[in-house]
1. Has the range 359-367 got any residue that is among the small types (G, A, S) and either surrounded by fewer than 24 Cβ atoms within 10 Å (Cβ to Cβ) or more than 19 Å from the chain's Cα centre (by Cα) (or both)?
2. Note down all Cβ pairs under 6 Å where the first residue falls in the range 195-208 and is surrounded by fewer than 17 Cβ atoms within 10 Å (Cβ to Cβ), the second is not in a loop (DSSP other than H, G, I, E, B), and they're at least six residues apart or on different chains.
3. Output the number of residues of the range 424-438 satisfying the condition of being surrounded by fewer than 13 Cβ atoms within 10 Å (Cβ to Cβ) and of a type in the set (A, V, I, L, M).
4. Based on what the data block shows, is G354 over 15 Å from G256 (Cβ atoms), surrounded by 19 or more Cβ atoms within 10 Å (Cβ to Cβ) and touching a Pro at 6+ places or on another chain (Cβ under 7 Å)?
5. State the number of residues belonging to the range 157-186 that are touching a residue at least 24 places away in the same chain (Cβ under 8 Å) and outside any helix (DSSP H, G or I).
6. If a residue has to be touching a residue at least 24 places away in the same chain (Cβ under 8 Å), small (G, A, S) and in a helix (DSSP H, G or I) to count, how many in the range 46-58 make the cut?
7. Run S404 past the list (1) touching a residue at least 12 places away in the same chain (Cβ under 8 Å); (2) not basic (K, R); (3) not in a helix (DSSP H, G or I) and report the number of the one that doesn't hold.
8. Find the helices (runs of 4 or more DSSP H) located wholly in the range 261-352 whose residues include 3 or more that are aliphatic (A, V, I, L, M), and list them.
Amino acid sequence: MKEEAFLIKRRRFPRIFFGWWTVLASSFIALWGWGYTTRGMTALFKPIASTLGFSRAAVSVPLSIAKLEGSFQVPLAGWLTDRFGPRWVILTGTFIIGLGLILMYYIQSLWAYYVVWGVIIGTGSNIALNVPVEKAITNWFVKKRGLAMGTKWTFSGLSPVLVLPLIAWLITIQDWRMTYVIGGMVMWLVGLPLAWFFVKRERPEYYGLLPDGATVEEEADQMIDKGAEYATEVQEVEFTLRQAMKTPAYWLLIAGHASPSMVPGALAIHFVPFLTDVGINPLRAAVIIAMANAFGLPARFTSGVIADRIRRDYLRFLLGGTYLLQALGFTIFLLNQSIAMIYVWFILYYIAQGASLPLNSIVRARYFGRKAFGSIGGSSLMFVAPFGMIAPIYAGWVYDTTGSYIGVFTLVAVLLAIASVLVSFALPPKPPAQVTDIRKIV
């Protein structure tokens, strides 16, 4: 890293800690990005299949392509974020997402659909919406990280509440092609400026601040030490990627996260098709999912706040409990497959899933620190990606061959229960034998 990067920039910050602007900017990028690339796909699923004459398994393939790419793109994005900061990584990914959404207007064939949605949109999502956004927030918060992550996940969680119904409505007054163009233009005209102005390259110590907004007048080298000392007050120690991979916690968290990752990013695209299959019209189906997601929004914020207030070694039980509650939601519906139980299932699932989202990032940061957060998170997702890659195609194939999603839902319920047990055994790692310089990532 260039030497000038270590000079503290003396500037007057507004009364609001700059990290909160980062939270709000990244929240909108995630809200709109996930709203179109994941949450909204469930409303776009049937129109695309109907217009282009694709099977449900075929329509699901691009999500698997994106997950396959993510197995190497997300680790690379994590390393680039640790090495060069999150700003340019998020900017690049946001631009690519916008480009891919606009190109969807011109899709006429299966191969073009796979290239645009699977390769282009998938690449942008993998680069911009995962680790870099979380790294940008993790850099600026330690003691208030749960509050910051909970706030980000609460705002971004509005994507199924706001963006999904908006997409469903746009499809009825325009068509799915123009709906994609509108999404891409918003990504460019709003997302790019937000990333440029409100995402910083470095952690706050380089700008004369401590995490969470504490200020101190020190020389650069001393400032970095102050930041590390501040983090140890909540038992947070900096691990390199190699040091983290030597701990049981690293592997148990990966194993536990594999099953829950199948549902929001892959299986959930089949929720609207499932609801319409049981006789619910598409717009009402989108509203049902939006309503269920709305129940989960307070859980996203609350779980982050709770995480700031409990001991580090209790976080694993909190995370494991959210996975168990997700499994319970699926099980309740499987035992009584009625319309009424669909509401109970979705509400329980989205409350638990909403609570789990900030906790994944919080646990990783509290266990392994800030400096290699991107590399550790990226490498973790590399191992999780195959599950997300298989899930959408498997769900589509099961429906195409059996005419039902019940077998898929049963398997997911079992895997979620197993995940809750695995995460509960992920004890906080002991500090590494040598705490290296913050520039040493690997």
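1. First pass over the range 359-367, keeping only residues among the small types (G, A, S): 361, 365.
In the following step, the residues that additionally are either surrounded by fewer than 24 Cβ atoms within 10 Å (Cβ to Cβ) or more than 19 Å from the chain's Cα centre (by Cα) (or both) were identified as none.
Within the range 359-367, none of the residues are among the small types (G, A, S) and either surrounded by fewer than 24 Cβ atoms within 10 Å (Cβ to Cβ) or more than 19 Å from the chain's Cα centre (by Cα) (or both).
2. R201/R87
3. First, the residues of the range 424-438 that are surrounded by fewer than 13 Cβ atoms within 10 Å (Cβ to Cβ): 430, 433-434, 437.
Next cut, of a type in the set (A, V, I, L, M) only: 433.
Total meeting the criteria: 1.
4. Details: over 15 Å from G256 (Cβ atoms): yes; surrounded by 19 or more Cβ atoms within 10 Å (Cβ to Cβ): yes; touching a Pro at 6+ places or on another chain (Cβ under 7 Å): no.
Taking the combined requirement at face value, the residue does not satisfy it.
5. 3
6. 2
7. Of the numbered conditions (1) touching a residue at least 12 places away in the same chain (Cβ under 8 Å); (2) not basic (K, R); (3) not in a helix (DSSP H, G or I), the odd one out for S404 is (1).
8. Values: elements: 262-265, 271-277, 282-309, 315-335.
The helices (runs of 4 or more DSSP H) meeting that bar are 282-309, 315-335.
The values are calculated or read from the model by the stated rules, or taken from the named source; none is laboratory data. Note that this is a predicted model, so its numbers are computed, not measured. We place every Cβ from the backbone using ideal geometry, glycine too, and count neighbours over all the protein chains shown.
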